[in-house]
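Have a look at the structure below, then the notes.
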Amino acid sequence: MLGTYFYHQNIRKTIIAFGNLFNNITVKSKDADGDTFSQIRVPLSYGPTQKFLARLEQGGSITNEDGEIVQMTLPRMSFEITSINYDETRKRQTILKTPQRNYTADDAKKKYSFSEVPYDIGFDLHIMVKHMDDGLQIIEQILPYFTPEFTVTINPTDVHKKVDIPIQLTDVSQDEEYEGDFENRRSITFTLSFTAKSYVYGRIYETGIIKRIFATLFEINEAVTGAFLEGLTGGVNIVASGVCGATGGVAGLTGGFVASMVDVS
């Protein structure tokens, strides 16, 4: 069983859905004249916060017209995976099948898979700002949506469509780094911890589609007699259905039938 290749990108899709939540956050600040406001979109990227703090201290690879190294600008956000843990509280029966729903009559096969496996994926969202007010603007645009969870919908496989993934906010912390004299640059970092109640899915299987069913309906008559009908009174109908097989218990019928009799007296 192990060794059969499949890749549904379940964890990758969860990462993309998480990042899209914070992709359009903006902050406003006063210009030099003190009367007008400028609005900027906060950049978001994947990576640990230490990577971006190191770029603040060492500078980047971009130089201006005078040949001076341009430092990374703030505010900026980044996020990363911190944990992937199995969640036994959401586990369903392993052999429970989920069939494909969006198939047509022209399809020769129908897809299905067994139960999904629940995993909690931990994320940390890092908010790096130069001014405290910028950081407060950002977190106040995030916190009201998590009470304490926010639900996103993804399409993990061809069989599983529109699966809801709750993302819970579990912790908010703040750290300010300030070393050296007053000329050194300080950085304020807010860290928001989340847990995504996601799933991983196994291999997709295929099976034939039942396209035709034959049923035989007939009225009771003299040809159908015997002990099979003893004790019944009034008009009786038999619904017989089945496939090829041994001769059934009803006289005059061939093939394997399951007969259902109703006394309508």
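Quick note: the coordinates plus some simple rules give every number you see, no bench work behind them. Everything quoted here is computed from the prediction, not taken from an experiment. Quick reminder, even Gly has a Cβ in these numbers, built from the backbone with ideal geometry, and neighbours come from all protein chains shown.
Details
- Taking amide H atoms as placed 1.01 Å from N in the peptide plane, the amide H of Val42 lies under 5 Å from those of Ile25, Thr26, Val27, each 5 or more residues away in sequence or on another chain.
- Applying 1/(1 + (r/R0)^6) with r as the Cβ-Cβ distance of Gln174 and Phe150 and R0 = 30 angstrom yields a FRET efficiency of 0.90.
- Modelled spin labels at Tyr112 and Leu136, positioned 7 Å past Cα toward Cβ, are 5.9 nm from each other.
- Listed peptides 127-134, 195-202 by packing density, highest first (mean Cβ within 10 Å): 195-202, 127-134
- Judged by the mean number of other Cβ atoms found within 10 Å, the most tightly packed of the peptides 79-88, 150-159 leads the ranking 150-159, 79-88.
- Site pair Thr191 and Ile81 shows an inter-label distance of 1.9 nm when each label is modelled 7 Å from Cα along Cα→Cβ.
- Under Karplus coefficients 6.51, -1.76 and 1.60, residue-wise ³J(HN,Hα) of the stretch 132-149 in Hz, glycine/proline x: 4, 5, 4, x, 5, 4, 5, 5, 6, 8, 10, 4, x, 7, 10, 10, x, 10
- With 5 Å bins from 0: P(r) over the stretch 124-167, alpha-carbon pairs, percent: 5, 18, 18, 16, 14, 12, 9, 5, 3, 1
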